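Working notes, beginning with the structure itself.
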Amino acid sequence: MNAEDIYGPRNRLWSGTTIRGHRSRGTGIINNELYRGVLVWNRQRYLKDPQTGRRLARPNPPESWIRTEVPELRIVSDALWQAVQLRQDEIKNRSRAIAEGVRIAAKAREQELLPVSSGLCRLLVCGLCGGEIIHVGRQRYGCAAHARKKACDNRRTLERRVMDAEIRSVLEEAAVTIMLHAEPLEQEAQAQGDLQERRMERERQELVVVEGRIQSVMTAIEDGLYTPALKTRMQQLEDRAARLRASLQIAGAHQRAALTAPRRFTAQARKLIGALRERDDTETVLKLRRMIGPVAMTPAAGQSGLRFTLRARRGWEG
């Protein structure tokens, strides 16, 4: 349905959880008893997480559920409903060992007996759809849009060690590129600063003229030449002087920031890349992604491999 642009509830793409839901909670299309003419109320309650503010669903015990027959809303037969439930039982029995293995692996990761998922994958995006690259099992990573919704044609996956090596290689190239373009960026910033300085000099000169005129008006008022027109002119000159002073103050702050930005950017980006050589913690990865851009993972044309390219942010790529 995703491939045919048939959208699901709320005009969104379909996902596996939309169909199968959570059986014990009665959620998902194939567990919705309303389709067989039974309205179920009080299946779950909602709480708010005091730390995140997110609404969390918590199941109520089945004995507290309230069922009401609404045969006019039935759209599937009891035979079909039971067949679907039996099919879910079969799938659950077949996958029982897998589910237990996932549970044991998760517990082992908590105890640091197994490696956790790579944080470097957060630097990646799919080169076809722009979606995130996620852990898809057995230390392999792939496109989230394909794995979850089959909404992308990027079926390629790769092992963690290969992915980490490719990302680090791209980052090392980025570090060299940033270093090579640091001086041109500083030169460009200096040129922009010189242009801004010329604009500021014109405003300074105008401010001197305006202040001179204000002084002349003040002298005239002190000499007894006060008139309504003179008062209006005085107000105009003071307003213009105030605008010029504010403009010069703001322009000066922007000029100082612009002159130091390339140097600060270069130092920070290289520092983050260096930190990832030691540890791929999520905070460092996300900071680096915001600074230099994501790394696109794209299937190589006519090959079985993948290409990794940096989608650099504007401003330093040269």
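A few notes on this one:
- Where F308 falls short, out of the listed (1) within 22 Å of the chain's Cα centre (by Cα); (2) part of a helix (DSSP H, G or I); (3) modelled with pLDDT of 75 or more: (2)
- Exclusive hit being open to solvent by less than 40 Å² (accessible area, probe 1.4 Å), at pLDDT below 80 and part of a helix (DSSP H, G or I), set L207, L259, L276: L276
- Evaluation of R161 against (1) over 22 Å from I19 (Cα atoms); (2) surrounded by 21 or more Cβ atoms within 10 Å (Cβ to Cβ) (one fails), failing number: (2)
- Qualifying residue in the stretch 105-120 (condition: of a type in the set (S, T, Y), outside any helix (DSSP H, G or I), surrounded by 15 or more Cβ atoms within 10 Å (Cβ to Cβ) and modelled with pLDDT of 85 or more): no
- Candidates in the stretch 47-58 are the residues that are part of a loop (DSSP other than H, G, I, E, B) and open to solvent by 50 Å² or more (accessible area, probe 1.4 Å); of these, the one that is nearest to Q85 (Cα to Cα) is R54.
- Enumeration of residues in the stretch 131-163 that are in a strand (DSSP E or B) and in contact with a helix residue (DSSP H, G or I) (Cβ under 6 Å, 6 or more places away or on another chain): E132, I133, I134, V136, Y141
- Within the stretch 31-46, the set of residues being without any contact (Cβ under 8 Å) to a residue 40 or more places away in the chain, out of contact with any Gly (no Cβ under 9 Å at 6 or more places or on another chain) and either of a type in the set (K, R) or surrounded by 11 or more Cβ atoms within 10 Å (Cβ to Cβ) (or both) comprises L34, G37, V38, L39, N42, R45.
- Looking across the stretch 289-299, the residues that are among the hydrophobic types (A, V, I, L, M, F, W, C) and modelled with pLDDT of 80 or more come down to V295, A296, M297.
- Of all residues in the stretch 5-30, those being surrounded by 12 or more Cβ atoms within 10 Å (Cβ to Cβ) and closer than 18 Å to E63 by Cβ number 3.
- Total residues in the stretch 65-85 satisfying the condition of being open to solvent by less than 40 Å² (accessible area, probe 1.4 Å), in a helix (DSSP H, G or I) and either without any contact (Cβ under 8 Å) to a residue 24 or more places away in the chain or over 20 Å from I19 (Cα atoms) (or both): the figure is 1.
The values are calculated or read from the model by the stated rules, or taken from the named source; none is laboratory data. Everything numeric in this text was worked out from a predicted model, so none of it was measured. Virtual Cβ from ideal backbone geometry, glycine too; neighbours counted across all protein chains shown. Heads up: the accessible areas ignore ligands, DNA and RNA and are worked out on the full protein's heavy atoms, side chains in. Shrake-Rupley method; radii C 1.70, N 1.55, O 1.52, S 1.80 Å.
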